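The values are calculated or read from the model by the stated rules, or taken from the named source; none is laboratory data. Being a predicted model, the structure only gives us computed values, none of them experimental. Reconstructed Cβ throughout: ideal geometry from the backbone, glycine too, with neighbour counts over all protein chains shown. To get the accessible areas, we keep the full protein, side chains included, count just its heavy atoms, and leave off ligands, DNA and RNA. Shrake-Rupley method; radii C 1.70, N 1.55, O 1.52, S 1.80 Å.
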Amino acid sequence: MSKITKLEDIVSLCKRRGFIFQSSEIYGGLASCYDYGPFGVELKNNVKKAWWKTIVQMRDDIVGLDCSILMHPMVWKSSGHADKFADLIAECKKCNTRTRVDHLVDAKQEHTGHASIDVQKTNDLTGKVCPNCGAVGKFTDPMPFRLMFETQMGANVEDSMTLFLRPETAQGIFANFRNVLDTARVKVPFGIAQIGKSFRNEVTTKAFTFRTREFEQAEIEFFCEPGTDENWYEHWKETRFNWYTSLGIKKENLRFREHAKDELAHYAKACVDIEYKFPLGSGDWQELEGIANRTDFDLRQHQRGMRTLNSWYETKGDLSKITLKDEAEDYKSGPLSFFDEEKKCRYIPYVIEPSAGMDRSVLAFLVDAYDEEEVRGETRNLLRFHPAIAPIKAAVFPLVKKDGMPEIAEAIHKDLRKYFRCSYDEKGAVGRRYRRQDEAGTPFCVTVDGQTLTDKTVTVRDRDSMEQIRVSADQLLAYLRQKLEI
Ligand code: GAP
């Protein structure tokens, strides 16, 4: 059971141990933007590597991609984001704070569940409380608020163009579907995976890195034959749930939440969230990853968008004046279709999309790994990270700073660091050095002692059990590498 019970505990742990800092802190900070510190960047990189390894490296049916954040504005017209990607918000007439309508709570209610943004149901805000000033029922009528950030491309006024920072990495994958199909020797069923930054001008933040305006997503668009989509949906639910538990998240802190029919996005046939029991004030279950059956919606939309490109030039890029052309009658043979050589037929593939947040994953791994225990009358604080994601894999110490021990320990450290992130520490009593590493979540501590000088063995201490074994120095690398894999 994690000993972290409040959001403030996580924030303070992350700051104290150099995992996550407020962005631009020396200037008072920038709301909802965060920087990963020396341990945080290692942890996050390792989480991303673990995702890439299981999703791309270890499967034959998925290839990777790294798309540009800035894309042609028609991408967002076709995907629906330009017209529809908005939150419904209401402004408090007393303090002028704007809040997402689905985040407003009743005067009697403790916290929100997952409400759908339905204007009919949410128009009545009479019993709702302003989270900023506490006024009850003092809201304006709900209004849509566009979540995409805009920016300008081009130096000259006459040819500059308004672009959007991508609000999801998924659309870059759809826009490259044809390129990948033509170059990567793939055939349906197959997936395209990508990790990258996304941006949303979120209305409600204040939940540390859980909901930020700049965040990193790891998404798979898995293309399959219509009719096989429900099986692939089940496959991805199981695969993605097991990924979290295989990296150490406790099963009791994870669950599925299947979306009700009236909650589904207009394009989705089914959607499930993998939720983690975050200690965010109310102790709510919160979304870590969404897995959606997006049907053939996106590829069909982009085919319509490609047919509408002329309007982009005619309207000088004014998306609000563009209406997507209807689908061609033979849309199933369109430029984003797939020809099945064996069955000799063409179709637009269905898509199963597992979409994970890397910042939320890092937060969940941190919270889940945190532990405190009593050892000989003292409290030991530690982070029980799976070795594959631990920021530092091994720390090397000389037991004492004499008798040639520092030289041997430094040589071991220099050798190990060619393969993974290690640290060297010779300061203070060895017990204190172990504690420092426990706090950073380092799974192994290697100590050079008197016996090393005679038999060339070192001790390897396991962070979780605190047990020590002797390993021959020339077997150390192989021993550690085997323990560090997923
Ligand atoms: N392409 C589908 C898509 O983007 P989403 O549910 O909006 O779906 C997927 O986002 C995941 O991205 C979420 O489960 C969450 O982990 C992460 N995410 C979304 N918005 C976020 C935000 N503002 N801050 C941090 N992570 C976010």
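Relative to the dominant Cα principal axis of the chain, helix 229-246 is inclined by about 30°. Note: the stretch 273-422, Cα convex hull, 287 Å³ per residue. Model label sites at TYR419 and LEU453, defined 7 Å from Cα along the beta-carbon direction, differ in position by 2.7 nm. Comparing PHE149, ASN179, ILE192 along the charge dipole axis of the stretch 138-193, the residue lying farthest to the positive side is ILE192, per the Cβ-charge model. In this simple spin-label model, placing a label point 7 Å from the Cα along the Cα-to-Cβ direction at both GLU252 and VAL157 gives a separation of 6.6 nm. For the residue pairs LYS77/LYS206; LYS250/LYS277; LYS402/LYS456; LYS44/LYS393, alpha carbon separations beyond 20 Å are given by LYS77/LYS206. In this Cβ point-charge picture (+1 for Lys and Arg, -1 for Asp and Glu), the stretch 318-432 has a dipole of about 500 debye about its Cα centre. Applying a 4.7 Å Cβ-Cβ cutoff to the chain, the cysteines left without a disulfide-compatible partner are CYS14, CYS33, CYS67, CYS224, CYS271, CYS345, CYS422, CYS445. Averaged over its residues, the chain has an accessible area of 49 Å² per residue, based on protein heavy atoms and a 1.4 Å probe. Translational diffusion coefficient, Stokes-Einstein: compute it for the stretch 268-334 using the Kirkwood radius over C-alpha pairs as Rh, at 4 °C and 1.567 mPa s, and state it as an integer in µm² s⁻¹. In µm²/s, the coefficient rounds to 85. Between VAL136 and GLU342, residue separation times 0.36 nm minus the direct Cα-Cα distance comes to 67.8 nm.
Determine one quarter of the surface area of the Cα convex hull of the chain, which equals its mean projected area, and express it in nm² to one decimal.
Details: hull surface 115.7 nm².
Mean projected area of the Cα convex hull: 28.9 nm².
Among bridges DSSP assigns within the chain, what percent are antiparallel (round to 5)? Don't skip to the answer; put the middle values down first.
Numbers: 72 of 84 bridges.
Roughly 85 percent of the DSSP beta bridges within the chain come out antiparallel.
For the chain, relative contact order (Cα pairs under 8 Å, six or more residues apart, normalised by length) works out to 14 percent.
Report, in degrees rounded to the nearest 10, the 0 to 90 angle that the Cα long axis of helix 38-52 makes with the longest principal axis of the chain. The angle comes out at about 60 degrees. Highest mean packing comes first when the peptides 395-402, 262-269, 165-172 are listed by Cβ atoms within 10 Å, giving 165-172, 395-402, 262-269. The share of accessible area on the chain that comes from carbon and sulfur is 49 percent, using a 1.4 angstrom probe. Stretched out straight at 0.36 nm per residue, the stretch from CYS33 to ASN96 would grow longer than its current Cα-Cα span by 20.4 nm. For the chain, take the longest principal axis of its alpha carbons; what is the angle in degrees between that and the long axis of helix 7-16, to the nearest 10 within 0 to 90? Tilt of helix 7-16: around 50 degrees. From most to least packed by mean Cβ count within 10 Å, the peptides 153-161, 244-252 give 244-252, 153-161. The packing ranking, built from the mean of other Cβ atoms within 10 Å per residue, places the peptides 215-223, 368-376, 408-416 in the order 215-223, 408-416, 368-376, highest first. Here's the picture: charge each Lys and Arg Cβ at +1 and each Asp and Glu Cβ at -1 in the chain, and of THR5, TYR233, VAL63 the one pushed furthest to the positive end of that dipole is THR5. Work from the charge dipole of the stretch 413-486 (Cβ charges, +1 for Lys and Arg, -1 for Asp and Glu, about the Cα centre) and give the residue of GLY428, SER465, LEU477 farthest towards its positive end. Farthest along the dipole direction, towards plus: GLY428.
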